[in-house]
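Notes for the one structure printed next.
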Amino acid sequence: MSNWYKECSPVERKTFWASFGGWGLDALDVQMFSLAIPALIVAFDITKADAGLLSSITLFFGAIGGWFGGALGDRFGRVKALQITVATFALATFACAFVTSYNQLLVLKAIQGLGFGAEWACGAVLMAEIIRPENRGRALAAVQSAWAVGWGVAVLLSAIVFTFVEHEIAWRLLFALGLLPALLIIFIRRGIPEPRRATAKADQPPFWQTVAGIFRPEVLRFTLIGALFGTGAHGGYAALTTFLPTYLREVRQLSVLGSSAYLAVIIVAFFCGCIVSGMLSDRLGRRVNVTLFAGACVATVLIYIFAPLSNWEMLFLGFPLGFFSAGIPASMAALFSELYPAGVRGTGVGFCYNFGRIVSAGFPLLVGYLSDRIGLGPAIGIDAAFAYSLVLVAVFMLPETRGKVFEQPSSSTRS
């Protein structure tokens with residue numbers, strides 16, 4: 001950690017670790033599935049398309065969960081909503097260990113997605129409201145970096161389980177470990193005050209009005225631009241990462257990049273990109289930071305795809321590729337939180353971040369379509385560059401929000 005963490009009060013630190021742990025354990029549960037796909041294909045005699053549907057259903061319901069989970073936090077309180085969402089995805093993952101059919105797994109992955117998307121929205125807004133404004137960008141970017149930690153732990157657990165346990169039951173044991181996030185609920189309930197502005201009151205509107213509140217005239221502009229931002233951020237990442245392994249293997253014929261070393265480079269780069277993005281966001285402002293990272297993404301993708309690089313140069317360039325692509329999502333929680341008033345803050349953050357997840361499903365399809373006509377490399381480069389350009393367009397239409405002080409500050413957050 002840096003100086004900002006040393007400045008935090010005990011409540012701010014406990015809230016940080018609760019949010020960091022929740023997002024990291026989200027990553028653990030989600031990435032465990034991708035690592036178990038080969039075993040699932042054998043266990044249920046399904047196709048790769050069937051396995052892909054399991055992943056898609058998780059992301060789709062994750063987007064819905066993010067929107068409604070954010071509204072749940074607005075209506076009933078951040079801490080309470082965070083407990084519910086962590087329990088949802090942890091128990092759904094654990095239940096996957098006992099399925100006996102593909103359809104059962106499909107239903108549980110949908111439920112897991114609801115909790116997965118909702119947890120991010122609740123945790124991000126809770127952290128945004130607890131942390132002091134001058135540290136908000138760095139703190140929330142550090143929370144985002146927990147994805148890399150959870151991803152790395154999933155890879156490690158998978159390697160251990162599939163090495164020492166028979167494959168027929170190894171995937172079940174892996175999913176059973178998904179219950180670990182439930183332990184976080186115990187931690188969340190101890191010592192973290194509910195932000196006063198997020199506490200439900202008797203005069204609050206019905207839940208459906210909270211869900212639709214982000215389309216009120218006074219905030220509609222932010223919702224539309226935020227949705228465009230989320231589409232570009234997630235679309236660029238999806239366009240790049242979905243077909244990148246195929247490109248490296250079939251076009252570049254770089255088998256070394258399919259090794260664990262390549263995966264390690266991307267994971268470390270993602271973590272570092274989140275941390276640096278947070279620092280720059282608080283020092284230079286939200287708009288300048290996003291502009292720098294989005295522009296760098298466009299340039300790095302084009303170099304990575306079109307430059308005549310050697311195997312080791314491709315491996316080396318994997319670091320800036322992961323680094324810059326991480327910086328954009330790392331900035332979203334702070335920026336989106338600062339756009340909305342308290343009554344719809346969680347709803348707005350959850351919607352803008354997750355709307356892009358649904359739309360981004362079209363970017364890999366576009367890559368596949370273009371690749372049949374202009375080749376896979378150019379298709380990836382054009383698609384990803386276009387998506388990240390949407391981020392640039394969106395950020396130019398948004399106000400600078402760095403250092404924004406939220407309404408009705410709670411004295412309990414500094415205790």
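The values are calculated or read from the model by the stated rules, or taken from the named source; none is laboratory data. Computed from a predicted model, the values in this text were never measured in an experiment. Every residue, glycine among them, receives a Cβ derived from its backbone with ideal geometry; neighbour counts consider all protein chains shown. Accessible surface areas use protein heavy atoms only, side chains included; no ligands, DNA or RNA. Shrake-Rupley method; radii C 1.70, N 1.55, O 1.52, S 1.80 Å.
Observations
- Restricting A154, A146, A90, A139 to residues that are modelled with pLDDT under 85, of a type outside the set (V, I, T) and open to solvent by less than 40 Å² (accessible area, probe 1.4 Å) narrows the list to A154.
- Which numbered condition I160 fails, given (1) more than 14 Å from L82 (Cα to Cα); (2) touching a helix residue (DSSP H, G or I) at 6+ places or on another chain (Cβ under 9 Å); (3) of a type outside the set (S, T, N, Q); (4) surrounded by fewer than 17 Cβ atoms within 10 Å (Cβ to Cβ): (2)
- Top-ranked residue of segment 171-219 - restricted to ones that are closer than 13 Å to R75 by Cα, charged (D, E, K, R) and assigned to a helix (DSSP H, G or I), ranked as modelled with the highest pLDDT: R196
- Among (1) open to solvent by less than 60 Å² (accessible area, probe 1.4 Å); (2) more than 30 Å from M397 (Cα to Cα); (3) modelled with pLDDT of 75 or more, the one test that V268 misses: (1)
- If you go through segment 1-17 and keep only what is under 16 Å from C122 (Cα atoms) and open to solvent by 10 Å² or more (accessible area, probe 1.4 Å), you end up with K14, W17.
- Answer residue from segment 71-87, given it is open to solvent by less than 10 Å² (accessible area, probe 1.4 Å) and of a type in the set (D, E, K, R) and is farthest from W171 (Cα to Cα) among those: D74
Every residue, every condition in (1) free of Cβ contacts under 8 Å to residues at least 12 places away in the same chain; (2) in contact with a Pro (Cβ under 9 Å, 6 or more places away or on another chain), yes or no:
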| position | (1), (2) |
| --- | --- |
| V99 | yes, no |
| V107 | yes, no |
| A110 | no, no |
| F116 | no, no |
| A121 | no, no |
| G137 | no, no |
| V143 | no, no |
| W147 | no, yes |
| G150 | no, no |
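- Qualifying residue in segment 231-252 (condition: over 20 Å from S389 (Cβ atoms) and modelled with pLDDT of 75 or more): no
Let's see how each residue does on (1) in contact with a His (Cβ under 7 Å, 6 or more places away or on another chain); (2) open to solvent by less than 10 Å² (accessible area, probe 1.4 Å); (3) under 19 Å from W151 (Cβ atoms); (4) assigned to a helix (DSSP H, G or I):
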residue	(1), (2), (3), (4)
S19	no, yes, yes, yes
G65	no, yes, no, yes
G69	no, yes, no, yes
L105	no, yes, no, yes
L114	no, no, no, yes
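- Candidates I41, I37, I46: the one that is surrounded by fewer than 18 Cβ atoms within 10 Å (Cβ to Cβ) and not in a helix (DSSP H, G or I) is I46.
- Hits in segment 284-310 (condition: over 20 Å from S389 (Cα atoms) and at pLDDT 90 or above): L284
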